[in-house]
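The values are calculated or read from the model by the stated rules, or taken from the named source; none is laboratory data. These numbers were taken from a predicted model, which means no experiment stands behind them. In this analysis, Cβ positions are derived from the backbone assuming ideal geometry, glycine residues included, and neighbour counts consider all displayed protein chains. Surface accessibility is based on the protein's heavy atoms, side chains included, excluding ligands, DNA and RNA. Shrake-Rupley method; radii C 1.70, N 1.55, O 1.52, S 1.80 Å.
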Amino acid sequence: MAGRKITRETVQKLDHFGEDKVFELYSQIRSVRKLLKSLTPAVGKVSTYLYYQWLHADKTKGRWNRWQAVRATVAGDMVEEGLVIVDDADDGSVPAARLRSEYRRWMAERYDRTSFGKTDNNMIVGIT
């Protein structure tokens, strides 16, 4: 199957580049699409699908767990960045600061639900 060859080659290229380097770049860039674009000179063009295939290629789930840890670290950074944005806002920039900080909070909730996600306190009771 032709697609499997491309997947294998991409996985090998990403492995050769180094998981630590990829994750370090991601923690600086904080966007998978921008990360993959920056990897193009070293690794070649990589789609987001192939990137996630690479993350799941490790059967022990170690790479995926390390990826989740990197995302949790980025989530914490986003929360702190949101605080700086709000603290630095003046009267004229409050709406923009609110939007920027709210988006970072939203991303942090998605990246690390255990630390920053909303708890589900809803209880559904059925009465018949």
Report task. Taking the options Tyr26, Tyr49, name whichever one is aromatic (Phe, Trp, Tyr) and surrounded by fewer than 16 Cβ atoms within 10 Å (Cβ to Cβ). Result -> Tyr49
Report task. Mind listing whichever residues of region 51-98 are outside any helix (DSSP H, G or I) and not hydroxyl-bearing (Ser, Thr, Tyr)? Result -> Ala57, Asp58, Lys59, Lys61, Ala89, Asp90
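Yes or no, residue by residue, for (1) within 19 Å of the chain's Cα centre (by Cα); (2) part of a helix (DSSP H, G or I); (3) within 20 Å of Asp77 (Cβ to Cβ):
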residue: Ile6; (1), (2), (3): no, yes, no
residue: Glu9; (1), (2), (3): no, yes, no
residue: Ser38; (1), (2), (3): yes, yes, yes
residue: Tyr49; (1), (2), (3): yes, yes, no
Requested in this report: Return yes or no: is Gly44 in contact (Cβ under 8 Å) with a residue 24 or more places away in the chain, surrounded by fewer than 17 Cβ atoms within 10 Å (Cβ to Cβ) and on the phi > 0 side of the Ramachandran plot?
Outcome: yes
Requested in this report: Give the number of residues within region 52-73 that are closer than 19 Å to Asp112 by Cα, of a type in the set (D, E, K, R) and open to solvent by less than 80 Å² (accessible area, probe 1.4 Å).
Outcome: 2
Query raised in the report: Looking only at region 11-36, which residues are hydroxyl-bearing (Ser, Thr, Tyr) and part of a helix (DSSP H, G or I)?
Result: Tyr26, Ser27
Report summary line: Expected output for region 60-75 (first residue of a type in the set (Phe, Trp, Tyr), partner not in a helix (DSSP H, G or I), Cβ below 9 Å, 6+ apart or cross-chain) is Trp64/Asp58
Query - Hits in region 101-114 - residues which are within 18 Å of Gln68 (Cβ to Cβ), in a helix (DSSP H, G or I) and open to solvent by less than 80 Å² (accessible area, probe 1.4 Å) - result: Met107, Ala108, Glu109, Tyr111
Query raised in the report: Which residues, taken from region 81-100, are among the charged types (D, E, K, R) and open to solvent by 80 Å² or more (accessible area, probe 1.4 Å)?
Result: Asp87, Asp88, Asp90, Asp91, Arg98, Arg100
